[in-house]
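Sending over a structure as structure tokens; questions will come in a sec.
The values are calculated or read from the model by the stated rules, or taken from the named source; none is laboratory data. This structure is a prediction, so every number in the text was calculated from the model and none was measured. Glycine gets a Cβ as well: all are built from the backbone with ideal geometry, and neighbour counts include every protein chain shown.
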Amino acid sequence: MLDFPDPPTPRSAHRIAELDILRGFALFGILISNAVFAVAQWAPDRADSPSDRLIVATVEALLSARFYPLFAFLFGYAFTLQVRAATRAGASPAARSVRRCAALMAVGLVHVLFLWDGDILTLYAALGLILIAVRALGPRSAALAGTALALIGAMGSVVPALSFGDGLEMPDVGAAYTGSAAETFTAQIALAPTSLLLVWSAGAVPTLAMFLLGMAAGKLNLLEQSRAARTRALYVLAVGLGAGLPVSALTFAATMRWWTPPSALAGIQALVNPLMTFAYLAAVLLAARSVRLGRPCAVLAPAGTTAASNYIGQSIVLMVVYTGYGFALADDVSLAAVIAIGVLTFAAQLALSARWRSGHPYGPVEWFLRAATYSTVPAWRLRESADGLPRAVELRSPAVET
């Protein structure tokens, strides 16, 4: 999501473990953020208890708008790896990437129509075409363009003329989500067109900004570097948290209704959100490369290798637990319980991802994306080779590239 690059076979020597760990970390933040705000949307008449307000304020101050940008950055980074892989194979990077974007668009459309009105896959698929067009940009040019777009996106929260999603309103169908399955489906279909427009219009500029920043980082192989990585990560962590935490504290207080903030706060918060995203990224990298925390961080990696499948899986769980597709609990649980269910869901995803990857080279969604990208029939299960190591075997079509 978000590229959700293909998990390699266990024999691959080119996988960057930190990318998978970062995706796993981002999945957790997205799950918790989505769960809290979705329940509030699906149960608009629920009581506003002090504990619920505390949770919303915490999520707003520390999680919201921090993890989708991380996915976007990783998408851009992984895009450079895919271009290199295509070049090494003598294939067309553009042809592969266009096929992948088309497959991603198909998955996203199914996702938004049936499961999740906040789908980002269609946006990633569309913006991926722009990334293909500008893939020749050097690291400096890509970084400057990404920074400029990030500033423009942040200014949209302050200057109405620059607010690309201004004027769009979601239909008031939230209560239908706690009705029957048919009512939930009808509400989902009704929301899909507007939610697509809202996600695309409000999210296009900041998402493309992170794509370009990720592409710049990928061209410089920043995640593969080790010597200067610690010093650089500590600097990013200090700057990101130093600038972001004070502003987030003001946002927390405003959400708790302890004070009435000026209108500029939203724009300032939007401006520092990417800094906090990079601070989180730096913190995870430092932990992943430390002796003491490296092994616990590695637990996130299997979920990261199947990030697309886990992203869709989170939507399924949320819809089954909280809407008419299943138990319709949105009206009946506190946000503290929502957080607890989210943590349990993510723990289950970590365990299931590790188990799945022990016998399968790709997640279900990743399998589909790989089939479309490479014009292959990917292996569904790992097979033991002559040397006793598991290996995936793919059947390629006669004309793999055009």
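Taking only the range 82-94 into account, find how many residues are part of a helix (DSSP H, G or I) and within 16 Å of residue 136 (Cβ to Cβ).
Counting residues in the range 82-94 that are part of a helix (DSSP H, G or I) and within 16 Å of residue 136 (Cβ to Cβ) gives 7.
Hey, another quick one. Return the residues of the range 83-120 that are over 14 Å from residue 308 (Cβ atoms) and not aliphatic (A, V, I, L, M); say none if nothing qualifies.
84, 87, 88, 90, 92, 93, 96, 97, 99, 114, 117, 118
Six or more apart or on different chains, Cβ under 8 Å: which pairs go from a residue in the range 138-149 that's under 19 Å from residue 270 (Cβ atoms) to one that's surrounded by fewer than 19 Cβ atoms within 10 Å (Cβ to Cβ)? Could you list them?
Going by the 8 Å Cβ cut-off, the qualifying pairs are 145/134; 145/137.
Which pairs have Cβ atoms under 8 Å, sit 6 or more apart or on different chains, and link a residue in the range 38-54 that is among the hydroxyl-bearing types (Ser, Thr, Tyr) to one that is outside any loop (DSSP other than H, G, I, E, B) and at pLDDT 90 or above?
51/335; 51/336
Of the residues that sit in the range 18-65 and are hydroxyl-bearing (Ser, Thr, Tyr) and not in a helix (DSSP H, G or I), which one is farthest from residue 342 (Cα to Cα)?
49
Please go through the range 369-379 and pick out each residue that is in contact with a Phe, Trp or Tyr (Cβ under 7 Å, 6 or more places away or on another chain) and part of a loop (DSSP other than H, G, I, E, B).
Residue satisfying the conditions is 378 alone.
Conditions (1) over 30 Å from residue 152 (Cα atoms); (2) in contact with a helix residue (DSSP H, G or I) (Cβ under 7 Å, 6 or more places away or on another chain), marked per residue:
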position	(1), (2)
282	no, yes
305	yes, yes
315	yes, yes
319	yes, no
335	yes, yes
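List pairs: first in the range 339-357 and more than 25 Å from residue 379 (Cβ to Cβ), second not in a helix (DSSP H, G or I), Cβ under 9 Å, 6+ apart or cross-chain?
341/329; 341/333
Results for (1) at pLDDT below 95; (2) within 18 Å of the chain's Cα centre (by Cα); (3) among the aromatic types (Phe, Trp, Tyr); (4) in a helix (DSSP H, G or I), shown as yes or no for each residue.
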residue: 314; (1), (2), (3), (4): no, yes, no, yes
residue: 321; (1), (2), (3), (4): no, no, no, yes
residue: 344; (1), (2), (3), (4): no, no, no, yes
residue: 350; (1), (2), (3), (4): no, yes, no, yes
residue: 355; (1), (2), (3), (4): no, no, no, yes
residue: 367; (1), (2), (3), (4): no, no, yes, yes
residue: 386; (1), (2), (3), (4): yes, no, no, no
residue: 402; (1), (2), (3), (4): yes, no, no, no
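May I pose another question? For the range 275-308, give me each residue that is of a type in the set (Gly, Ala, Ser), surrounded by fewer than 22 Cβ atoms within 10 Å (Cβ to Cβ) and in a helix (DSSP H, G or I).
Answer for the range 275-308, where residues must be of a type in the set (Gly, Ala, Ser), surrounded by fewer than 22 Cβ atoms within 10 Å (Cβ to Cβ) and in a helix (DSSP H, G or I): 283, 287, 288, 294, 298.
Now for a different question. Does the range 146-157 contain any residue that is of a type outside the set (Ser, Thr, Tyr) and closer than 17 Å to residue 309 by Cα?
Scanning the range 146-157 turns up no residue that is of a type outside the set (Ser, Thr, Tyr) and closer than 17 Å to residue 309 by Cα.
Anything in the range 310-336 that is over 16 Å from residue 34 (Cβ atoms) and either in contact with a strand residue (DSSP E or B) (Cβ under 8 Å, 6 or more places away or on another chain) or polar (S, T, N, Q) (or both)? List them, or say none.
334
Ok, one more. Going by the conditions given, is residue 153 surrounded by 14 or more Cβ atoms within 10 Å (Cβ to Cβ), modelled with pLDDT of 95 or more and under 28 Å from residue 131 (Cβ atoms)?
Answer is no for this residue.
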